[in-house]
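Values in this text are rule-based calculations from the coordinates and carry no lab data. Because the structure is predicted, anything quoted here is derived from the model rather than measured. With ideal geometry, Cβ positions are generated from the backbone for all residues, glycine too; neighbour counts draw on all protein chains shown.
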Amino acid sequence: GFKCGIVGLPNVGKSTLFNALLSTAQAEAANYPFCTIEPNVGRVGVPDERLEKLAAIVNSETIIPTQLEFVDIAGLVRGASKGEGLGNKFLSHIREVDAIVYVLRCFEDGNIIHVENSIDPMRDADIVETELTLADLESLEKRLPALQKRAKTEKELAEQVAVMERVLKVVAEGHPARTTEINDASERRHLEMMQLLTSKPVMYVCNVDEDSAATGNALSAKVAEMAKLKNAPCVVISARIEAEISSLPSAEDKADFLSSLGLEETGLAQIIKAGYRLLDLVTYFTAGPKETRAWTIVKGMQGPAAAGVIHTDFEKGFIRAETIAYDDFIAYNGEQGAKEAGKFRLEGKEYVVQDGDVLHFRFKA
Ligand code: GDP
């Protein structure tokens, strides 16, 4: 599965947020498999309004959303890259995630100390990013000389060396690796292979006081501005409120509480959705009387690989994908109607699966 790491300084609300994510997932667990893999890792369902609509048309018994993993990564403080706090342990956890969620404290509360003794989310973001950049710098400085040496005899390594030199320069100047200029897909692959912390996509979560959950506050506005410049998603939430919402027993109670706060959806739902988009993921559906289910693939994936997400046999024996676009499936009230309207397609191995496709795979057993 795809993983988002929750990162931030101590006492910014990471655990509160993570626990709210988990209890939401657990509350919905009746409908789909849920598991806590480790105490700090949890899978959550990705909210998707389309599932209900599909399920209503095909009369499904159950709805199974696709999932995203969240990892609560504790232990980052100033100096982490030099072994302060949990130091290297923290860094190895963050290496395993696909995207990073920066939780930034934007709430004032005299009872809850801040490790830097004042509330300043921009500075906090900077501390976190600096630690990750320093860790990348150290790792690149170790690896580059060895790679350069090998490249003297292995000429095919020339491009890899060139990319690493360029990334090292960027990182040495204090900028994240993701800002390195990349010219083509091959260079991008080299960058990805380096598994750097600062080449992963990031999003910002502003944890504001309860009263500012709907509107944000001056601090979260600053973060939003910075995020926009960096082309990164930014979500405003109040972790305390999210914890409260997730503890409510029924969907109606949750909806009532949300609207009383002037909110349309939970911050958690926004975070999950933003994480999904950040990872460039795409959803396709399978829909039948037993279940309507969402599946996650990477954008650009073709028929067989997409089928392989369900089962490797589907990929190996792939023949074709019976395909109806989501909008057509809804507009023509299901498969029969879509067929009559000429919206039912047989797609082969080259077909790039599109977001919202309702698929039925044909395969040789
Ligand atoms: P972590 O160290 O980043 O995991 O932070 P925690 O989630 O443990 O939160 C630290 C403290 O801040 C706890 O006492 C939380 O109850 C409190 N806290 C978290 N979010 C909020 C919030 O939105 N408002 C206020 N006032 N306190 C919060």
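Multiply the residue separation of Lys53 and His114 by 0.36 nm, subtract the distance between their alpha-carbon atoms, and state the gained length in nm to one decimal.
17.4 nm
Label-to-label distance, Glu225 versus His311, with points set 7 angstrom from Cα along the beta-carbon direction: 5.6 nm. Please list, in chain and number order, the residues 5+ apart from Cys234 or on another chain whose amide H is under 5 Å from its amide H, with Hs placed from the backbone. Here Tyr204 satisfy the definition. Classify segment 261-306: rounded, prolate or oblate, from the alpha-carbon gyration tensor (a ≥ b ≥ c, eigenvalue square roots; a/c under 1.5 rounded; otherwise prolate if a/b is larger than b/c)? Cα axes put segment 261-306 in the oblate bin.
Length gained on full extension, Ala146 to Glu340, computed as 0.36 nm times the residue gap minus the Cα-Cα distance: 63.6 nm.
Could you tell me what percent of the DSSP beta bridges with both partners in the chain are antiparallel, to the nearest 5?
Taking every DSSP beta bridge with both residues in the chain, the antiparallel ones total about 50 percent.
Ranking Pro10, Gln160, Phe361 by Cα position along the charge dipole of the chain, where only Lys, Arg, Asp and Glu carry charges on their C-beta atoms, puts Gln160 farthest toward the positive end. For Phe363, the amide hydrogen comes within under 5 Å of the amide hydrogens of Ile319, counting only partners 5 or more places away or on other chains and with H modelled in the peptide plane.
The radius of gyration of the Cα set in segment 300-363, together with its Dmax, comes out at 11.6, 33 angstrom. The value obtained for segment 80-140, namely the Cα convex hull volume divided by the number of residues, is 99 Å³ per residue. Rounded to the nearest Hz, the phi-derived 3J(HN,Hα) couplings of segment 41-47 under the Karplus curve 6.51 cos²θ - 1.76 cosθ + 1.60 (θ = phi - 60°) are 10, x, 9, 10, x, 8, x, where x marks glycine and proline.
Extension gain, Thr215 to Ala251, is 10.6 nm, computed as 0.36 nm per intervening residue step minus the present C-alpha separation.
Along segment 281-293 the Karplus relation, 6.51 cos²θ - 1.76 cosθ + 1.60 evaluated at θ = phi - 60°, assigns HN-Hα couplings of 9, 10, 10, 10, 10, 10, 9, x, x, 6, 7, 10, 9 Hz to successive residues, with x for each Gly and Pro.
Annotation: peptides 64-77, 247-260, ranked by per-residue average of other Cβ atoms within 10 Å with the highest first, follow the order 64-77, 247-260.
The ratio of the alpha-carbon radius of gyration of the chain to the globular-protein estimate 2.2 N^0.38 Å is 1.10. With contributions of -39500 (n - 2.57) from each DSSP H run of at least four residues, the per-residue ellipticity at 222 nm computed over the chain stands at -13000 deg cm²/dmol.
For a quick protection proxy, order the peptides 226-233, 195-202 by their average other-Cβ count within 10 Å, most packed first.
195-202, 226-233
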